[in-house]
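The values are calculated or read from the model by the stated rules, or taken from the named source; none is laboratory data. Note that the structure is predicted; figures quoted are calculated from it, not measured. Note: ideal-geometry Cβ built from the backbone for every residue, glycine included; neighbour counts use all protein chains shown.
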Amino acid sequence: MLTIWGRRDAFNVQKVMWLVGELELAHKHTPAGGSAGGLDDPAFLAMNPHGRVPVIDDGGTVVWESHTILRYLSARYGVGTFWSDDPAARSRAERWMDWSATTLQPDFLTGVFWGFYRTPEAQRDGPAVTDKIARCARHMELLDRELADRPYLGGDTFGLADIPAGLNLFRYFGIPIERPSVPNVEAWYQRLRERPPYREHVMLPFDHLFGRLAF
């Protein structure tokens, strides 16, 4: 049995849960982190010495770091759909995964979602938030250009490239910030919203996080 540790509303945990849903994998979810605690428990630290979620145990194989988990699950259970044996084909998905981790997510999740949405107004760094919103607008315009000639980031079909970047869209379009016109991104977002695992694992209410730095 695949076991997944983490909070369902945690951004990086949702990536894993979304893919697990797409792969239709039987699994057990164990709450960890936030109000559930447990990240300092010796048993948890034995799995992940960094004390962070998500973590999975797949029949004795323990994996941490969300994008490594995505690659592992795709390679083990998604060959031919989410994983290719061709390194060149695989790189088309992995480059978007890495871009999401190093560029999009830091600017949006840390800079905008945390810096603006989760930070009480009196504590916000206004210029920094404005800068991050502008940076995110440029990222969305880049995605809009990329999606002008294909329905998904990786090509004609939904794949691994869509998960890390596409996860941002539910919160990006759901908070009150200025956004550029990005019709191709909006069409892509609509296609993602039609997927049952996206609705089940990503489209979760987050209004309880507004103005709240603590979990």
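In this structure, is ALA122 at pLDDT 95 or above, more than 27 Å from PHE215 (Cβ to Cβ) and aliphatic (A, V, I, L, M)?
On the way: at pLDDT 95 or above: yes; more than 27 Å from PHE215 (Cβ to Cβ): no; aliphatic (A, V, I, L, M): yes.
Spelling it out, it is not the case that ALA122 is at pLDDT 95 or above, more than 27 Å from PHE215 (Cβ to Cβ) and aliphatic (A, V, I, L, M).
So if I check each of GLU146, GLU194, which one is closer than 28 Å to GLU24 by Cα and either surrounded by 13 or more Cβ atoms within 10 Å (Cβ to Cβ) or among the acidic types (Asp, Glu) (or both)? Walk me through it before giving the result.
Values: GLU146 fails: closer than 28 Å to GLU24 by Cα.
It is GLU194.
Regarding the stretch 99-109, can at least one residue be identified that is under 26 Å from ILE4 (Cα atoms) and without any contact (Cβ under 8 Å) to a residue 24 or more places away in the chain?
yes
How do the pairs read when you match residues in the stretch 50-71 that are within 24 Å of SER35 (Cβ to Cβ) and assigned by TED's automatic domain parsing to the domain that holds ALA93 with residues anywhere that are of a type in the set (Gly, Ala, Ser) and buried (at least 16 other Cβ atoms within 10 Å of the Cβ), using Cβ under 6 Å and keeping only pairs 6 or more apart or on different chains?
none
Of all residues in the stretch 1-49, how many are under 24 Å from ARG199 (Cβ atoms), without any contact (Cβ under 8 Å) to a residue 12 or more places away in the chain and either in contact with an Asp or Glu (Cβ under 7 Å, 6 or more places away or on another chain) or not in a loop (DSSP other than H, G, I, E, B) (or both)?
0
So for the stretch 10-22 (the condition being surrounded by fewer than 17 Cβ atoms within 10 Å (Cβ to Cβ) and acidic (Asp, Glu)), does at least one residue qualify? If you could, list the steps in order and put the result at the bottom.
So the first thing to find is which residues in the stretch 10-22 are surrounded by fewer than 17 Cβ atoms within 10 Å (Cβ to Cβ), and the list is none.
No: the stretch 10-22 contains no residue that is surrounded by fewer than 17 Cβ atoms within 10 Å (Cβ to Cβ) and acidic (Asp, Glu).
Conditions: (1) surrounded by 13 or more Cβ atoms within 10 Å (Cβ to Cβ); (2) free of Cβ contacts under 8 Å to residues at least 40 places away in the same chain; (3) under 30 Å from GLY80 (Cβ atoms). GLY115 meets all but one. Number of the miss?
(3)
Kindly indicate whether any position in the stretch 162-182 is under 15 Å from GLY21 (Cβ atoms), surrounded by fewer than 18 Cβ atoms within 10 Å (Cβ to Cβ) and modelled with pLDDT of 95 or more.
No: zero hits.
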